[in-house]
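The values are calculated or read from the model by the stated rules, or taken from the named source; none is laboratory data. Because the structure is predicted, anything quoted here is derived from the model rather than measured. Here Cβ is always computed from backbone atoms with ideal geometry, including for glycine, and neighbour counts include all displayed protein chains. Accessible surface areas use protein heavy atoms only, side chains included; no ligands, DNA or RNA. Shrake-Rupley method; radii C 1.70, N 1.55, O 1.52, S 1.80 Å.
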Amino acid sequence: MKQMKRIGSFVLATALAASVLYQLPAQSHRSQPQEIYHRAWQLVRDNYYDGSFNHVDWNELEHKYDNDIKNNSDAYKYIKTMLEKLNDPYTRFLDPKMFQDENDAIDARIVGIGINLQQSKDLQKLIVTRTIEGGPAETAGLRAGDEMTAIDGLSAIGMTPEQAAEHIRGHEGAPVSISVKRPEGEKTVNITRQQITIHAVSSKVLDNNIGYISLSTFISNDASKEFRNALGKLSTTDGIILDLRDNPGGLLSNALEIADMLLENGAIVSTISRHGKHTDLSSGEPLTHQPIVVLVDDESASASEILASALQDNGRGVLVGTKTYGKGLVQEINRLPSGAAVHITVSRYLTPGGTDINKIGVNPDITVPSNRDEQMKVAVAYLKEKIASLKPGKLQAKSNMSLVPFKPAELATK
């Protein structure tokens, strides 16, 4: 698959932004603040998936704040005000720094300490869900399950992961103080920020010749390439466990390409916008015919749900775990003239079986409560039975790993 370029478009699928296109206008002149606001208004007018704009009179907002917008900060303030009227949490404004952070994540390189954070259900706690192997946080002794309580002495209680990231990221080589709470007590460590290379995929061979692939994010440009390489390494195993737990999503193109590596036939996903319906179909040339079990949980979102439901609905994989997040809307990210950007909900998506999973989620085939070890045991046990039921000679991955790359959806190329 040809990598999409900054001058073209990107497609994301995350819990924060399902499918996203980046469209970068020419920067030939210094834009006036009112132009920035008007461009955001125009993009919503032309692309928002709901023609009623959630029953908001969108035309009334075009010039409503003209007299109040004197500088870029004013433009940003009133763009936020305008977007809030849609009552759509996924249509939102990104200031230039937030937009740059998003680009850094897509490039798979950020300056930070190398952790993933998740907010608790009551929105009061920040929990470390993962430390990047060999990263500054892991080296300093942080571990999954730690509750982050302070950043440089500032209380982290009630912070969102995005707000915490703002405080944690900084200049390479600069220190940051992180306080965490554990059952055995509290701990504060000083960690030196470093440039982190984000790897989306890790793989290994389990007992009984079962392959295991953990896909932690779809956001990196390299995710599908890493996944392809993992399939190659595990081509002689008898089956694959694909772990999508705690995966919030990422580039939709990655979900489409990875699904195509695994599906033997059928649809991957359908998107419905104001302009019609588009369905992405698999090429019917998978890289492997190994049986697959997919691990999912309530943090498996958007791109994860697209991949999981594509495998489930086409009878290609069995889902084990708990119901997924339930993110079935598609966003487009357009860069504004000032270097800021807006996420705009441009469509909703349906699974291959025609199900709208927004605010509902994907139900696993085998429900196992949120005990990760137990979920893994059930996945392994099921896969062993599946492998035993298959005739010899049907388990090997296809030897030709140079499959013609799958072309992503229209949304990814327009």
Handout entry: Accessible surface of the chain [probe 1.4 Å, protein heavy atoms]: carbon and sulfur percent
Key = 48 percent
Handout entry: Members of 181/384; 97/323; 77/277; 80/359; 85/327 lying beyond 28 Å, as alpha-carbon distances in this model show
Key = 181/384; 97/323; 77/277
Handout entry: Gap separating the Cα centres of segment 321-350 and segment 257-310, nearest whole Å
Key = 18 Å
Completion exercise
Any residue on another chain or 5+ positions along whose placed amide H is under 5 Å from the amide H of residue 300 is listed here as 246, 247, 325
Completion exercise
HN-Hα couplings for segment 124-129 via Karplus (6.51, -1.76, 1.60; θ = phi - 60°), in whole Hz with x for Gly/Pro, come out as 9, 10, 10, 10, 6, 9
Handout entry: Positive-end extreme of charge dipole, the chain - chosen from 353, 58, 81 (charges on Cβ)
Key = 353
Handout entry: the chain: antiparallel DSSP beta bridges as a percent of all, rounded to 5
Key = 75 percent
Problem - Positive-end residue, the chain charge dipole about Cα centroid, Cβ charges, pick of 188, 283, 69 - result: 283
Handout entry: Leading residue at positive end of dipole, segment 126-272 (Cβ point charges), from 208, 156, 268
Key = 156
Exercise for the section: For segment 191-198, just list the computed ³J(HN,Hα) in residue order, Karplus coefficients 6.51, -1.76 and 1.60, θ = phi - 60°, integers in Hz, with x standing in for Gly and Pro. Expected result: 10, 8, 5, 9, 6, 10, 8, 8
Practice task
Would you compute, from DSSP H runs of 4+ residues alone, the mean residue ellipticity of the chain at 222 nm, taking -39500 (n - 2.57) per run and dividing by the full residue count, rounded to the nearest 500?
Solution key: -8000 deg cm²/dmol
Practice task
Assign one of three labels to segment 266-362, namely rounded, prolate or oblate, based on the Cα gyration tensor with a ≥ b ≥ c the square roots of its eigenvalues; rounded applies when a/c is under 1.5, prolate when it is not and a/b is larger than b/c, and oblate otherwise.
Solution key: prolate
Fill in the blank from the handout: Taking only the Cα positions of segment 213-337, the convex hull volume per residue in Å³ is 114 Å³
Handout entry: Helix 72-84 vs. the chain, principal-axis angle (Cα, 0 to 90°, nearest 10)
Key = 60 degrees
Exercise for the section: Could you pull out every residue, at least 5 positions away or on a different chain, whose amide H is within less than 5 Å of the one on residue 206? Hs are placed 1.01 Å off N in the peptide plane, and Pro or chain starts have none. Expected result: 211, 212
Problem - Rounded tilt (10° steps) of 96-106 against the dominant C-alpha axis of the chain - result: 20 degrees
Fill in the blank from the handout: For the chain, the dipole about the Cα centre with charges only on Cβ (Lys and Arg +1, Asp and Glu -1), to the nearest 20 debye, works out at 660 debye
Handout entry: Scaled radius of gyration (Cα, divided by 2.2 N^0.38 Å) that the chain gives
Key = 1.01
Handout entry: Dipole magnitude (debye, nearest 20) for segment 199-313, charges at Cβ of Lys, Arg, Asp, Glu
Key = 280 debye
Exercise for the section: Would you kindly calculate the translational diffusion coefficient of segment 88-208, applying Stokes-Einstein with the Kirkwood radius from alpha carbon pairs, for 37 °C and a viscosity of 0.692 mPa s, and quote it in µm² s⁻¹ without decimals? Expected result: 215 µm²/s
Practice task
Pull up all non-local amide H partners of residue 328: gap of 5 or more, or a different chain, and H-to-H distance under 5 Å with H placed in the peptide plane.
Solution key: 358, 359
Practice task
Provide the per-residue ³J(HN,Hα) series for segment 269-286, in order, calculated from phi with Karplus coefficients 6.51, -1.76, 1.60 and θ = phi - 60°, each as a whole number of Hz, with x at glycine and proline positions.
Solution key: 6, 10, 10, 10, 10, 5, 9, x, 10, 10, 10, 8, 10, 6, 6, x, 10, x
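So, for the chain, what is the accessible surface per residue at a probe of 1.4 Å, expressed in square angstrom?
Heavy-atom accessible area per residue stands at 45 Å².
Just need the relative contact order of segment 275-386 here, percent rounded to a whole number, with Cα pairs under 8 Å and 6+ apart.
For segment 275-386, the relative contact order is 28 percent.
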Exercise for the section: Quote the Stokes-Einstein diffusion coefficient, in whole µm² s⁻¹, for segment 26-128, based on the Kirkwood radius over alpha carbon pairs, a temperature of 20 °C and a viscosity of 1.002 mPa s. Expected result: 133 µm²/s
